[in-house]
1. Which one of 82, 10, 104, 93 is surrounded by 20 or more Cβ atoms within 10 Å (Cβ to Cβ) and not in a helix (DSSP H, G or I)?
2. Is it fair to say residue 48 is surrounded by fewer than 14 Cβ atoms within 10 Å (Cβ to Cβ), in a helix (DSSP H, G or I) and at negative phi?
3. Taking into account only those residues within region 13-23 that are surrounded by fewer than 15 Cβ atoms within 10 Å (Cβ to Cβ) and without any contact (Cβ under 8 Å) to a residue 60 or more places away in the chain, which is nearest to residue 64 (Cα to Cα)?
4. When the residues of region 30-45 are narrowed to those that are in contact with a strand residue (DSSP E or B) (Cβ under 8 Å, 6 or more places away or on another chain) and closer than 22 Å to residue 75 by Cβ, which ends up surrounded by the fewest Cβ atoms within 10 Å (Cβ to Cβ)?
5. Could you please let me know if residue 71 is at pLDDT 90 or above and surrounded by 13 or more Cβ atoms within 10 Å (Cβ to Cβ)?
């Protein structure tokens, strides 16, 4: 859906991929902008780094595989997926336009201005992600995935 702001998501992913070679991206769900989003991903040269899982609405089932939850929505009624991600212990980088009710675990949240450039979003994602990775053991991935 347009409010999910996938165009910005792909721009941020492009910046993150440039700065962090190991970064991969997961998109869940199906919508009218899927073809447009896939075209943006391909144009950015990121097709091998994106994993699109269509037909799923159970975001909470996927949060254990995430290091950071990026949510640049233009608007949301609540943003339940952000609440679920926090409940799963996943740091969230979200737009400043989301309601305060999503702030369940403030230590897990970083708000970025909707109009901020992709580099600012990338900075926030890396700031949320790097403290986690520096504390992890090399074999941690095997126990998570």
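The values are calculated or read from the model by the stated rules, or taken from the named source; none is laboratory data. None of these values were measured; they are calculated from a predicted model. Here Cβ is always computed from backbone atoms with ideal geometry, including for glycine, and neighbour counts include all displayed protein chains.
1. Values: 82 fails: not in a helix (DSSP H, G or I); 10 fails: not in a helix (DSSP H, G or I); 104 fails: surrounded by 20 or more Cβ atoms within 10 Å (Cβ to Cβ).
Selected residue: 93, the only one of 82, 10, 104, 93 that is surrounded by 20 or more Cβ atoms within 10 Å (Cβ to Cβ) and not in a helix (DSSP H, G or I).
2. yes
3. Looking at the filtered set, the residue picked out is 22.
4. Applying the filter and picking the extreme gives 34.
5. On the way: at pLDDT 90 or above: yes; surrounded by 13 or more Cβ atoms within 10 Å (Cβ to Cβ): yes.
In short, yes.
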